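Written below as structure tokens is the structure these notes are about.
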There are 2 protein chains.
Amino acid sequence: MAVNDGLARLVARAQPRHRTTTEFVEATLREAILSGVIAPGTPLRQEDLAETFGVSRMPVREALRQLEARALAEFHPHRGAVVAEISAADGADIGAIRMALEPMALRLSLPGLTAADLDQAEELIAEMDGEADPGRMGELNRRFHMTLYARAGRPRLLALAEQHLLAADRYLRFQFAALGYLPRSQDEHRALLAACRAGDADAACRLVEEHVGQAAEQLTAFLGAREAG
Amino acid sequence: MAVNDGLARLVARAQPRHRTTTEFVEATLREAILSGVIAPGTPLRQEDLAETFGVSRMPVREALRQLEARALAEFHPHRGAVVAEISAADGADIGAIRMALEPMALRLSLPGLTAADLDQAEELIAEMDGEADPGRMGELNRRFHMTLYARAGRPRLLALAEQHLLAADRYLRFQFAALGYLPRSQDEHRALLAACRAGDADAACRLVEEHVGQAAEQLTAFLGAREAG
DNA sequence: TGCCAGGATATTGGATCCAATCTATCACCC
DNA sequence: GGGTGATAGATTGGATCCAATATCCTGGCA
């Protein structure tokens, strides 16, 4: 058996439609870490990963370097990499970054949002209503947020925002795995969308900041209690 | 002669006091790109870099991967990497990110700032007054800002803020190379420091946002004009 | 004369091999 | 019996080698 059954399945399902092997390994590993298939703290042995992917150690090494730069893996020279740990402090950190980036993205995007964008956001809210699977839920939530930010015309800002949305989702899945349920925030989503439809930038920015802050607060409360005892 | 004289000098001066060769190459290359020693768009040939550093191609490859993840180099499969280009759009992007991150960092840091921190910030302002070298100037400016954010207790947020502060400084050096002078903003620095001393979080955040916005605006005006003609 | 095809060349991507270093275990000394 | 040091094993870091791919130049053809 490979190191990690879940990862092996992910690799088997994944279409290596990437241009280079390194890209393929990086994308698959990132997905595995973000989705929780590989638990925080898991050692990432190059040899094992290479075997799982059916490649040599080299693309694995390059992929791990990129994951390190994205804070998804921690490197210790001559000791190897481990999947980034989860902590209340880091969760609060990610929350603070989101609270800074997302209102800015929304403010820049709002004037350019089309009726079609807003309709799609509404549809995503509706889909979330009936969704129980945390993976699908996170995906829908991410798409909802990014739909609202899409017209900001700032690729770097959007990439950073999405990166930290994904990081937050990783924490959320972790919370789900422990608690068995997901905190819902559909009312906040609806209020946010309404403010966007009204074109009220100040209200929308305030709502998204509060919305992100709420999620971060619940998360740190959960993680703080977990770390304390 | 090596590919790039400036880089060769940087390598010669650099102390390889890093634990691995890859770290050494990455740090030196990053410094070279950020300081403008290697111009935007310059191809980063692995073989040439390896020779310049006196190492094999492998640590160079890993270093380039990390630079890519930090948006300092652009990869094109089978075609190599080039130093990230400079553009008005990207400058505005970086400015928007700074305008989001830095007020948040300051707000979190402000309650924890000590008198010593504020005195050091004041000293850095004084040093900037008499500084003509753009490299030193950027360094002092970066330290001034980071001193004010240091007590935020959010490592990821601070790392992101510093990263984009450095990216902005790269743009500023580029502007200096073309214009021959640096736009000063010492009045804004002093006003910002005064607000921090007064403990007025709202004012301080507003000032830092305006300050960053000003710089970004000047930059995009310069780059926009340059791209137009 | 301009365009397309094909091959030569340069450069990167990936695999294998060797060296450096960290960890764990075990013996030995205090 | 506990702690320290040496040694062996495992694992990563770095170098070299080979394969794949992109680019560029040249020659033929319309």
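Quick one: would you say B:Val37 is assigned to a loop (DSSP other than H, G, I, E, B), among the aliphatic types (A, V, I, L, M) and more than 22 Å from the chain's Cα centre (by Cα)?
Details: assigned to a loop (DSSP other than H, G, I, E, B): yes; among the aliphatic types (A, V, I, L, M): yes; more than 22 Å from the chain's Cα centre (by Cα): no.
No; evaluated as a whole, the condition is false for this residue.
Applying the selection to the range B:119-134, what residues are open to solvent by 20 Å² or more (accessible area, probe 1.4 Å) and at pLDDT 95 or above? Before you say what the answer is, go through the steps one by one.
So the first thing to find is which residues in the range B:119-134 are open to solvent by 20 Å² or more (accessible area, probe 1.4 Å), and the list is B:119-120, B:122-123, B:126-127, B:129-134.
B:Asp119, B:Gln120, B:Glu122, B:Glu123, B:Ala126, B:Glu127, listed by residue number.
How many residues does the range B:53-74 contain that are in a helix (DSSP H, G or I), over 15 Å from A:Thr22 (Cβ atoms) and within 13 Å of DNA strand C (Cβ to nearest atom)? Steps first, answer last, please.
First, pick out the residues of the range B:53-74 that are in a helix (DSSP H, G or I): B:53, B:57-69.
After this cut, where a residue has to be over 15 Å from A:Thr22 (Cβ atoms) as well, the list is B:53, B:59.
Checking the rest, the ones that are also within 13 Å of DNA strand C (Cβ to nearest atom) come to B:59.
Residues that pass the stated criteria total 1.
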Subset tally (residues that are within 16 Å of DNA strand C (Cβ to nearest atom), under 20 Å from the mean Cα position of the chain (by Cα) and more than 13 Å from every other protein chain (Cβ to nearest Cβ)) for the range B:9-31: 1
Subset of the range A:76-93 [surrounded by 18 or more Cβ atoms within 10 Å (Cβ to Cβ) and within 11 Å of DNA strand D (Cβ to nearest atom)]: A:Ala81
Of all residues making up the range A:37-72, the number that are touching a strand residue (DSSP E or B) at 6+ places or on another chain (Cβ under 7 Å), within 11 Å of DNA strand D (Cβ to nearest atom) and within 12 Å of chain B (Cβ to nearest Cβ): 2
Condition check for B:Gln186: open to solvent by 70 Å² or more (accessible area, probe 1.4 Å) and more than 14 Å from chain A (Cβ to nearest Cβ): no
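Residue-wise test of (1) touching a Ser or Thr at 6+ places or on another chain (Cβ under 9 Å); (2) open to solvent by 50 Å² or more (accessible area, probe 1.4 Å); (3) of a type in the set (Gly, Ala, Ser); (4) over 21 Å from A:Glu68 (Cβ atoms).
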position	(1), (2), (3), (4)
B:Val25	no, no, no, no
B:Glu31	no, yes, no, no
B:Ile38	no, no, no, yes
B:Gly41	no, no, yes, yes
B:Arg45	no, yes, no, yes
B:Val55	yes, no, no, no
B:Met58	yes, yes, no, no
B:Glu62	yes, no, no, no
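The values are calculated or read from the model by the stated rules, or taken from the named source; none is laboratory data. Given the structure is predicted, the values throughout are model-derived calculations rather than measurements. No Cβ is skipped: glycine too gets one built from the backbone with ideal geometry, and neighbour counts run over all protein chains shown. Please note that ligands, DNA and RNA were not included when accessible areas were found on the heavy atoms of the full protein model with its side chains. Shrake-Rupley method; radii C 1.70, N 1.55, O 1.52, S 1.80 Å.
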